[in-house]
1. In the structure displayed, which of 73/128; 73/111; 20/77 lie more than 26 Å apart, Cα to Cα?
2. List the residues whose amide H sits under 5 Å from the amide H of residue 139, counting only those 5 or more places along or on another chain, with H placed 1.01 Å from N in the peptide plane.
3. Count charges around residue 103 for me, please; just the other residues with Cβ under 13 Å from its Cβ, Lys/Arg as +1, Asp/Glu as -1.
4. From the phi of every residue in the stretch 95-103, what ³J(HN,Hα) in whole Hz does the Karplus formula 6.51 cos²θ - 1.76 cosθ + 1.60 yield, where θ is phi - 60° and glycine or proline is x?
5. Any idea which of 89, 133, 41 is furthest toward the positive side of the dipole for the chain, if Lys and Arg beta-carbons carry +1 and Asp and Glu beta-carbons -1?
6. Could you work out how far the C-alpha centroid of the stretch 20-73 sits from that of the stretch 87-139, in angstrom?
7. With labels modelled as points extended 7 Å from the Cα through the Cβ direction, what inter-label distance (nm, one decimal) is found for residue 67 paired with residue 139?
8. Applying 1/(1 + (r/R0)^6) with R0 = 25 Å to the Cβ-Cβ distance of residue 107 and residue 128, what FRET efficiency is obtained, to the nearest 0.05?
Amino acid sequence: MFNITPATNEDILVWFEFDKHISESELLIKISLNRCFILKNDEVIIGVMRYNLFWDNMPFLTMIYINEAARGKGFGKQALDFWENEMRSMGFLCVMTSTQSDEEAQFFYRKQGYKDSGCLIIDIPEIKQPLEIFFIKEL
């Protein structure tokens with residue numbers, strides 16, 4: 001059975017098995033703000049999800065990661081639906097996310113009703129990465 005629970009400080013070690021894009025100090029802040037979730041299937045952790053607030057007032061899904069073995073089984077959609085419902089219940093009217101142009105996630109977000117809303121090119125040699133595509137969805 002798939003379930004989603006808020007992350008706690010005790011989840012830090014397992015968190016970093018899935019997400020290496022955040023510092024421990026920043027993760028602790030997000031956990032204290034209830035902006036991190038653990039994704040489980042049959043009590044086995046299969047992924048993580050976290051968000052922040054863009055412009056301090058618009059939910060921005062910064063990370064949803066499901067391990068390779070659990071992909072393609074609807075868990076990503078269930079996690080996204082859960083998060084959108086949480087944001088709706090908190091009074092938000094829309095949500096945002098982004099993904100690199102070389103990642104398959106862009107097709108997933110479009111299928112879930114997200115609309116392309118712009119892009120970002122980081123042309124700094126030390127952090128150069130593919131085009132980042134931004135998406136917005138009205139709730």
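1. Violating the 26 Å Cα-Cα cut-off are 73/128.
2. So residue 139 has HN proximity to 94, 95.
3. Summing Lys/Arg as +1 and Asp/Glu as -1 gives -1.
4. Using θ = phi - 60°, the values come out as 9, 10, 7, 8, 7, 6, 5, 9, 10 Hz.
5. Working it through, the farthest residue towards the positive pole turns out to be 89.
6. Rounded to whole Å, the Cα centres lie 15 Å apart.
7. In this crude spin-label approximation the distance works out to 3.0 nm.
8. 0.60
Since every read-out is calculated from the coordinates, none of them should be taken as a lab result. Just so you know, these numbers come straight off a predicted model, no measurement behind them. Because the Cβ atoms are built from the backbone with ideal geometry, glycine has one as well, and the counts that use them run over all protein chains shown.
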